[in-house]
Structure formats: C-alpha cells, structure tokens
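Derivation of every value follows stated rules applied to the coordinates shown; laboratory data play no part. Here the structure is a predicted model, which is why all the values come from computation and not from measurement. Every residue, glycine as well, gets a Cβ built from its backbone with ideal geometry; the counts of neighbours run over all protein chains shown.
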Amino acid sequence: MFVLPSYDELFPMTILEATNVNIPILVRDLPLYDPILGDKVLKAHNNGEFSLTLKKLREDPVLLAECALHSSELAGEYTPEVVFSKWDQFYQKILVEYGKKQK
C-alpha cells in the first residue's frame, strides 16, 4: 500500500514507482490528480477518510486486489512509449497551431 497524504504535490515519481510494483495507491483528493490518475487510485479528503480507507483495505482482500489491479493499469498509461506518444501529439498540435498563425 502506498499512501501520499500530502496537500501540495504535483506528480511525484513515487506514485509511478508504486504502480510499477502493483500496489494500491491512496492519495489526498486533490483536483490536480483527477486528469493524471483518474479513478485508478483511492482518494481521501481528510485524515479520517485516510484511516477509514486503510481499514477497509486491511479488512477486504478483494478490494485490496482490485486496487492493486488498478495500480497496474495506471502503470500502463505511463510507459515510455505512451508518454512519448502524448508528448508527440502535444508538439504536433503546437506545430499545427503555429502554422495557422503564420498564414
């Protein structure tokens, strides 16, 4: 289980490291995580929710296994090939927009 209760993080590499060993991930529910982590991680608003979520995971092996699977799926979204493709699409879009402005 990887827990990141921080209030102020961008995209720590520790999250990717956790996905690569297929362990469940629990982070603070911050809006910035929605587009990059989606529903592949567990989220908690406050310390009470963190505690409750950890207790649920400890008591429910099926939920624990599902969360580990989601972590593995998230790892697939950040392979070098996938990240390269996303950057390539980003730069191609910029080039198209720049070309339109030049005309």
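With the simple model of a label 7 Å out from the Cα in the direction of the Cβ, Ile94 to Asn22 spans 3.7 nm. For segment 8-103, the number of Lys pairs separated by eight or more positions or lying on different chains, with C-alpha atoms closer than 22 Å, is 8.
Given +1 at the Cβ of Lys and Arg, -1 at the Cβ of Asp and Glu and no other charges, the dipole of the chain around its Cα centre is 420 debye to the nearest 20. Fewest-first ordering of Tyr33, Tyr91, Tyr7 by other beta carbons within 10 Å of each residue's beta carbon gives Tyr7, Tyr91, Tyr33. Helix 61-76 and the long axis of the chain differ in direction by around 20°, with both axes built from C-alpha atoms. For segment 20-38, the residues whose amide N sits under 18 Å from a probe point set 7 Å from the Cα of Ser72 along the beta carbon direction are 20-26.
Here the extension length gained between Ser85 and Lys101 equals 3.3 nm, from 0.36 nm per residue of separation less the Cα-Cα distance.
Rounded to the nearest 0.05, what FRET efficiency do Glu49 and Leu10 have when you use their Cβ-Cβ distance and R0 = 25 Å? Computed FRET efficiency for Glu49 and Leu10: 0.70. For mean projected area of the Cα convex hull in nm², several values are listed as (1) 8.7; (2) 7.5; (3) 11.2; flag the one computed from this structure. Answer by label: (2). Ranking of Leu37, Leu64, Leu42 by neighbouring Cβ atoms within 10 Å, starting from the fewest: Leu64, Leu37, Leu42.
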